[in-house]
1. Residues in the range B:197-205: is at least one charged (D, E, K, R), within 22 Å of B:ILE71 (Cα to Cα) and crowded, with 19+ Cβ neighbours inside 10 Å?
2. When the residues of the range A:351-370 are narrowed to those that are assigned to a helix (DSSP H, G or I) and more than 14 Å from B:PRO142 (Cβ to Cβ), which ends up farthest from the other protein chains (Cβ to nearest Cβ)?
3. Would you mind telling me which numbered condition in (1) surrounded by fewer than 24 Cβ atoms within 10 Å (Cβ to Cβ); (2) under 20 Å from A:PRO341 (Cβ atoms); (3) within 13 Å of chain A (Cβ to nearest Cβ) B:VAL213 fails?
4. Could you grab me the full set of residues in the range A:62-91 that are at pLDDT below 80 and basic (Lys, Arg)?
5. Given the conditions (1) in a helix (DSSP H, G or I); (2) touching a residue at least 24 places away in the same chain (Cβ under 8 Å), report the number of the one that A:THR182 does not fulfil.
6. Checking A:ARG48 against (1) among the charged types (D, E, K, R); (2) modelled with pLDDT of 90 or more; (3) over 17 Å from A:TRP148 (Cα atoms): exactly one of these is not met. Which one?
7. Return a yes/no flag: does the range B:284-296 have any residue that is buried (at least 19 other Cβ atoms within 10 Å of the Cβ), in contact with a Leu (Cβ under 8 Å, 6 or more places away or on another chain) and closer than 18 Å to B:PRO82 by Cβ.
8. Please specify each residue of the range B:141-161 satisfying the condition of being within 25 Å of the chain's Cα centre (by Cα) and at the interface with another protein chain (Cβ under 8 Å from one of its Cβ atoms).
Amino acid sequence: MDTGNLLLLVVVMVAVAYYMGRQRSMALARPLGGIRHLHSLPFYYAMRAALWCAIPALVVLGLWLVFDDSFIRTLVIGGLPADQLPASESARGLLLNQINNVASGALPVDSVSPAVAAAAERLGHLRQISTMALAVAVIVVGMLGAAWGWLKISPQLRARQQVERVLQVLFMLCALIAILTTVGILMSVLFESIRFFGKISPVDFLFGLKWSPQIALRADQVASEGFFGAIPLFVGTLLISAIALIVAVPVGLMSAIYLAEYAHPKLRAFAKPALEVLAGVPTVVYGFFAALTVAPFIRNLGESMGLDVASESALAAGLVMGVMIIPFVSSLADDVITAVPQSLRDGSLGLGATQSETIKKVIIPAALPGIMGGILLAASRAIGETMIVVMAAGLSANLTVNPLEAVTTVTVQIVTLLTGDQEFDSAKTLAAFALGLMLFLTTLALNVLALRIVKKYREEYE
Amino acid sequence: MDNASTLNKGQQVRRAANPLQAEGKPPMSNEHPYPEKTVGAPFVDDPKMRMRDVDVFYGDKQAIHGVSLDIGKNEVVALIGPSGCGKSTFLRSLNRMNDTIDICRVSGSLHLEEQDLYDPKMDVVELRARVGMVFQKPNPFPKSIYDNVAYGPRLHGLANKKYDLDEIVETSLRKAGLWEEVKDRLHQPGTGLSGGQQQRLCIARTIAVSPEVVLMDEPCSALDPIATAKIEELIAELSESYTIAIVTHSMQQAARVSQRTAYFHLGHLVEMNDTDTVFTKPQHSLTEAYITGRFG
């Protein structure tokens with residue numbers, strides 16, 4: 001029986017356990033005079049029986065699937081004659097692959113040595129046994145659990161609290177998944193970065209002013225010596241993000257103020273979702289809008305004023321990115337401004353303040369933490385954005401703060417470093433991980449900084 | 001201030017009214033028609049505020065029906081009545097706070113001295129500086145105590161120098177009886193004060209712009225009895241320099257702090273008279289039913 005069918009069977013068993021648990025608790029309640037004489041509702045007894053069935057069965061299934069493969073491999077390798085056993089780890093891997101292929105029929109049996117053919121047969125045999133054993137184990141464990149859950153049902157059993165505790169653990173596990181994923185990503189980036197810093201000194205990376213990751217991939221290849229100075233990339237990222245925020249923060253904040261404080265409710269009901277559509281446009285669409293419409297427009301405008309504008313400019317990418325992140329600022333700011341209590345508005349208006357004075361002096365300060373949150377979210381989007389920059393700002397790593405020149409960003413370089421056929425342990429590929437780590441640390445630092453600022457200046461209302 | 005005596009006064013009022021209840025007049029609503037004209041003496045000579053035939057609508061629903069009354073100079077007028085009778089609505093139309101509600105419409109003539117409040121040329125901002133308001137729930141701004149009081153004076157440019165502003169803040173806090181409690185922590189947030197202190201801070205904030213009239217919308221309903229007593233004392237002191245209109249749910253409070261009392265019922269002004277008269281010799285059966293506790 002394969003895993004899918006087995007899972008289906010578990011579901012059926014759980015449903016049966018639920019039904020039986022429910023029936024038994026009802027039957028117990030009837031002579032007592034109704035379900036109110038039970039400690040918990042029949043639902044909880046049924047749920048408890050179902051959980052007793054499901055959890056042990058799923059645990060057995062999960063553990064089996066995790067350890068089954070490596071266990072069988074060890075057995076197969078151990079079963080090989082000693083003289084056939086390769087010494088190195090990688091050769092052993094290759095041999096196992098060969099055995100695997102023979103067992104699955106991808107490789108004809110007569111093309112390999114008899115020892116390998118025998119091993120392949122053993123592998124197939126072991127797999128069959130394992131699948132059978134798994135099915136039996138899961139069914140037995142599930143049925144035992146269900147029986148236990150069913151037998152224990154009694155009017156005094158605190159099934160309600162027990163189900164509560166199981167749910168609590170379940171919620172905790174879900175929260176744990178998100179945290180563990182973050183840790184996992186961080187770890188993988190960190191280890192690759194450490195390998196990178198083994199090849200290139202961190203000082204060159206952090207303070208180098210030249211980015212040109214072209215290095216010889218083979219010993220006989222003629223190539224320039226690589227430069228891995230990350231400063232131009234970070235300057236480019238910050239330049240484009242700054243332009244984007246200069247566009248998005250005032251526009252987003254003011255449109256939020258308009259929507260929350262001045263707009264008629266009917267207009268607001270239409271305008272707010274319309275604004276949020278901006279966030280749903282795929283960034284690649286923004287990208288060609290920037291490259292085909294905005295960048296040429298800026299170049300023509302600049303030329304008419306006698307300025308020298310590159311056809312791919314930081315300004316074009318920044319402007320379009322700014323438009324893209326307007327909804328992050330406006331939507332969150334609108335929510336927090338609406339959440340400021342009416343009593344504060346009344347208090348200010350009652351003292352003879354105009355509406356705009358009230359907004360400036362009372363509402364914005366009270367809503368500041370939320371507004372900062374929105375800006376921060378927008379900033380992380382801007383820093384992490386790739387597509388618009390690839391298309392509109394170019395790939396050349398110029399160290400400049402002139403928004404009319406082409407620049408490149410950290411994310412764009414990560415993409416170009418990792419696309420194409422690359423050797424995975426060259427400095428060029430590993431540099432992508434170092435850049436990723438730096439980017440992560442930068443956004444983290446921004447977050448911490450913004451939280452500090454908000455904590456210091458927030459005006460708390462009750 | 002002897003709280004005991006003020007409380008006693010309220011209890012005496014209750015007792016004086018109770019015999020009427022004992023006579024057993026059933027409070028059937030059909031038997032209490034609204035008077036054609038407000039019973040009692042709603043008008044005074046040379047009033048501070050003069051309201052005639054005021055109607056207030058929320059959309060199609062009429063909340064106030066043809067209310068006419070005067071608020072005299074330096075007097076405390078209490079507006080009482082059962083919940084939902086329109087006291088707060090009426091009070092909020094006196095400094096046009098109802099403007100913030102889109103569907104609210106006010107008609108009739110409302111004057112502050114000779115000025116028509118609803119004249120299209122009326123400057124609402126200036127009006128609200130002259131007719132200040134204290135709200136039901138203390139609503140200090142999430143700023144420091146100092147900035148709360150200085151908020152109005154700064155808006156209206158009442159102080160040129162820091163020194164002047166300091167003085168306004170101190171005077172206002174003194175008048176609100178809060179100075180001694182907060183003088184060492186003027187720069188801590190106003191939201192950190194207790195409920196009663198917050199409400200006195202809001203009163204200080206209101207009087208810092210030197211209004212002529214102060215409207216109070218159930219200023220003690222969120223406070224404990226001791227804080228309430230302090231606010232009531234304060235109202236008595238403030239009436240020396242300000243005209244005050246106060247909405248209250250507590251008849252004892254109305255009896256303690258006001259000179260004249262207006263009884264509202266479902267949007268109608270039923271009776272208005274000297275406070276003592278209203279509570280001891282109510283002339284309309286609705287008023288009597290309310291103050292004797294038969295409904296409300």
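The values are calculated or read from the model by the stated rules, or taken from the named source; none is laboratory data. This one's a predicted model, so the numbers in the text were calculated from it and none came from an experiment. As a convention, Cβ positions derive from the backbone with ideal geometry for all residues, glycine included, and neighbour counts pool all protein chains shown.
1. no
2. Let us first name the residues in the range A:351-370 that are assigned to a helix (DSSP H, G or I), namely A:355-370.
Imposing the further condition that a residue be more than 14 Å from B:PRO142 (Cβ to Cβ) reduces the set to A:355-357, A:359-360.
Numbers: A:GLN355: 9, A:SER356: 11, A:GLU357: 6, A:ILE359: 13, A:LYS360: 11 Å.
Of everything passing the filter in the range A:351-370, A:ILE359 is farthest from the other protein chains (Cβ to nearest Cβ).
3. (2)
4. None - no residue of the range A:62-91 is at pLDDT below 80 and basic (Lys, Arg), so the list stays empty.
5. Failed condition: (2).
6. A:ARG48 satisfies every listed condition except (3).
7. Yes: the range B:284-296 contains one or more residues that are buried (at least 19 other Cβ atoms within 10 Å of the Cβ), in contact with a Leu (Cβ under 8 Å, 6 or more places away or on another chain) and closer than 18 Å to B:PRO82 by Cβ.
8. Result: B:PHE141, B:PRO142, B:TYR151, B:GLY152, B:LEU155, B:HIS156.
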